[in-house]
Amino acid sequence: MFAEEAARLEAMRMAANLDELTGLPSRGYFMNRLRAALDIHSGAGSGAMVLFRLRDLAGINRDAGREAADALIRGAAAAAAERAESSPQGVAGRLNGADFAVLLPGAGGPREAAAALLAALAALPQAWRHAAAPAVAMAATLYEPGEDAAALLARLDTALAHAEAAPGGGSVVAAPPGTAARPRGAG
């Protein structure tokens with residue numbers, strides 16, 4: 001009876017914290033980890049954060065089918081998780097249908113983090129060829145302890161919008177607060 005109850009509680013915990021399709025942490029869990037990393041008292045130090053969006057996921061779903069779109073989502077999740085594992089205390093999360101984030105405590109280079117992730121995403125299955133535009137838009141930035149999570153996300157959201165609007169798509173490295181974001185190469 002105790003084993004059954006433990007299994008039921010574990011299933012509930014997993015459902016509450018993990019995205020069902022990808023197995024990545026859900027938005028709520030990821031946001032808790034982000035706030036913990038930004039806590040000035042945690043001693044975690046600075047790091048890098050990458051936010052990326054799979055572009056035209058609805059078009060891929062329509063043209064290639066749901067199975068291909070789901071395979072693409074799972075592949076993107078695996079690439080994000082692999083990148084997160086490269087940093088102690090790193091975590092990747094699926095924020096919503098097409099948006100993913102990677103938190104890399106202790107990592108010093110948002111450009112390097114974005115480039116490594118773009119390379120991993122470019123190697124994903126054939127579903128990418130169904131996209132009308134580049135399949136991913138990405139933004140990356142450094143963060144510092146004590147920084148406000150909402151301000152950090154707003155900075156990344158702005159940079160992601162610039163990446164999506166740039167001809168050819170690609171990535172944008174969001175500069176620290178008070179400076180402009182700079183476009184990087186096509187993705």
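The values are calculated or read from the model by the stated rules, or taken from the named source; none is laboratory data. All figures in this text were calculated on a predicted structure; none of them were measured in a lab. Please note: Cβ atoms are built from the backbone with ideal geometry, for glycine as well, and neighbour counts cover all protein chains shown. Remember, those area values only see protein heavy atoms, side chains included, never the ligands or the DNA or RNA. Shrake-Rupley method; radii C 1.70, N 1.55, O 1.52, S 1.80 Å.
Just a yes or no: is a residue in the range 29-37 at pLDDT 90 or above, in contact with a helix residue (DSSP H, G or I) (Cβ under 6 Å, 6 or more places away or on another chain) and open to solvent by less than 50 Å² (accessible area, probe 1.4 Å)?
Yes: the range 29-37 contains one or more residues that are at pLDDT 90 or above, in contact with a helix residue (DSSP H, G or I) (Cβ under 6 Å, 6 or more places away or on another chain) and open to solvent by less than 50 Å² (accessible area, probe 1.4 Å).
When you look at Leu121, is it open to solvent by less than 20 Å² (accessible area, probe 1.4 Å), farther than 15 Å from Ile60 by Cα and modelled with pLDDT under 90, yes or no?
Criteria met by Leu121.
So in the range 140-160, with the set limited to residues that are more than 16 Å from the chain's Cα centre (by Cα) and not in a helix (DSSP H, G or I), which one is surrounded by the fewest Cβ atoms within 10 Å (Cβ to Cβ)?
Gly146
Does the range 5-17 contain any residue that is open to solvent by 40 Å² or more (accessible area, probe 1.4 Å) and not in a helix (DSSP H, G or I)?
No, the range 5-17 contains no residue that is open to solvent by 40 Å² or more (accessible area, probe 1.4 Å) and not in a helix (DSSP H, G or I).
Starting from the range 78-95, keep only residues that are under 21 Å from Arg35 (Cβ atoms) and outside any helix (DSSP H, G or I), then list their pairs with residues that are open to solvent by less than 50 Å² (accessible area, probe 1.4 Å) and polar (S, T, N, Q) whose Cβ atoms are within a distance under 7 Å, requiring at least 6 positions of separation or different chains.
Gly93/Ser26; Arg94/Thr22; Arg94/Ser26
Just the residues that are open to solvent by 40 Å² or more (accessible area, probe 1.4 Å), of a type in the set (A, V, I, L, M) and assigned to a helix (DSSP H, G or I), please, taken from the range 40-67.
If the condition is that a residue be open to solvent by 40 Å² or more (accessible area, probe 1.4 Å), of a type in the set (A, V, I, L, M) and assigned to a helix (DSSP H, G or I), then Ala58 is the only one that fits.
From the residues in the range 68-91 that are in contact with a Pro (Cβ under 9 Å, 6 or more places away or on another chain) and over 14 Å from Leu121 (Cα atoms), which one is surrounded by the fewest Cβ atoms within 10 Å (Cβ to Cβ)?
The residue in question is Pro88.
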